[in-house]
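Scroll down for the structure; my scribbles are underneath it.
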Amino acid sequence: MCTAWCGSALTATPDATSSNQSGAAAAHISGHAGSSTVGRIELESFGVARRLPLAQRSLIAGKVAMLEGRLYDGEGHQRPGLSDEMATTLLGEINGLRHDLGWLGLDLGHHLIWPANSAS
């Protein structure tokens, strides 16, 4: 028995409309982000991180969790005995990875910080 899906491939046309316009726009932008310098610059100017593949996002999220576990205890307080230099280094690594994921950064008090260009 053949269904409507049998023997035909779905193709997207450039002028096709979608009920999820923001998702289509994001897919359109991310498709050009790696292919041209202009696309990458446009994304960076809006502070939007490039969309990474799922496996890479999962790996980075795991690394963020591990580093946060080294810096903060279970209650979100900075672990005692960490030098200021080590805490700053860990926080820099954490925030770099969080930025790559498109997440907000953290401060040493374990509070989320908004990017300066979006806070007004």
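The values are calculated or read from the model by the stated rules, or taken from the named source; none is laboratory data. These figures come from a predicted structure and were not determined experimentally. Note that each Cβ is placed from the backbone with ideal geometry, even for glycine, and that neighbours are counted across all protein chains shown.
Set side by side, the residues GLY76, GLY69 differ, and just one is surrounded by fewer than 14 Cβ atoms within 10 Å (Cβ to Cβ) and not in a loop (DSSP other than H, G, I, E, B), which is GLY69. The single condition among (1) in contact with a Gly (Cβ under 8 Å, 6 or more places away or on another chain); (2) among the hydrophobic types (A, V, I, L, M, F, W, C); (3) modelled with pLDDT of 95 or more that VAL64 does not satisfy is (1).
Quick check on my filter: what residues within the range 74-101 are charged (D, E, K, R), within 30 Å of LEU54 (Cβ to Cβ) and modelled with pLDDT of 95 or more?
GLU93, ARG98
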